[in-house]
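The next block holds one structure in the form of structure tokens; read it before the comments.
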Amino acid sequence: MTRPRQEESARVSSEEHEHLDKLADELSRYDVRADVVDEHGPCLRVSNPASALAVEDVICERREHDFAFIASFGVHLGSSGSLGVAAHKIAWLVGATEA
């Protein structure tokens with residue numbers, strides 16, 4: 001009985017990873033570093049090379065119709081359907097662009 005749950009967990013984790021990869025691609029337009037890391041589940045670690053303190057971990061959560069990108073402090077940054085908006089907010093959050 002535990003096998004289907006493990007497979008389901010791996011599938012969801014893989015989907016989250018895929019959406020974080022797409023967000024990382026979108027962030028390539030900004031002067032930031034974005035790497036998917038798997039510590040306690042996948043997250044996107046975004047850092048501004050101009051500031052050692054400007055680092056944010058973004059997680060991806062499954063929602064009813066899409067995936068949501070959430071900042072480490074719980075703020076919704078956008079969804080998988082609005083990658084450009086989410087990327088801009090994250091770049092702003094780490095000081096790589098103006099509002």
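Some values worked out for this structure:
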| item | result |
| --- | --- |
| On Cα atoms only, tilt of 83-93 relative to the major axis of the chain in degrees | 50 degrees |
| Cut-off 12 Å between beta-carbons: net charge of the residues surrounding Ala24, Lys and Arg +1, Asp and Glu -1 | -1 |
| Neighbourhood charge, 12 Å Cβ-Cβ cut-off, centred on Gly84 and excluding it, Lys, Arg +1 and Asp, Glu -1 | +1 |
| At most 10 other Cβ within 10 Å, DSSP loop - GluC sites (Glu not before Pro), segment 15-68 | Glu39, Glu64 |
| Surrounding net charge for Val37, when Lys and Arg each add one and Asp and Glu each subtract one, Cβ distance under 11 Å | -3 |
| For Ala54, residues with placed amide H under 5 Å, excluding near neighbours | Asn48 |
| Per residue accessible area in Å² of segment 15-69, where ligands, DNA and RNA are left out and the probe is 1.4 Å | 60 Å² |
| Segment 19-99 - percent of accessible surface contributed by carbon and sulfur, probe 1.4 Å | 50 percent |
| Förster radius 30 Å - calculated FRET efficiency between Leu53 and Glu15, Cβ distance, rounded to 0.05 | 0.45 |
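The values are calculated or read from the model by the stated rules, or taken from the named source; none is laboratory data. Treat the numbers as computed from the prediction; the structure is a model and nothing was measured. Here Cβ is always computed from backbone atoms with ideal geometry, including for glycine, and neighbour counts include all displayed protein chains. Heavy atoms of the whole protein, side chains included, go into the accessibility calculation; ligands, DNA and RNA do not. Shrake-Rupley method; radii C 1.70, N 1.55, O 1.52, S 1.80 Å.
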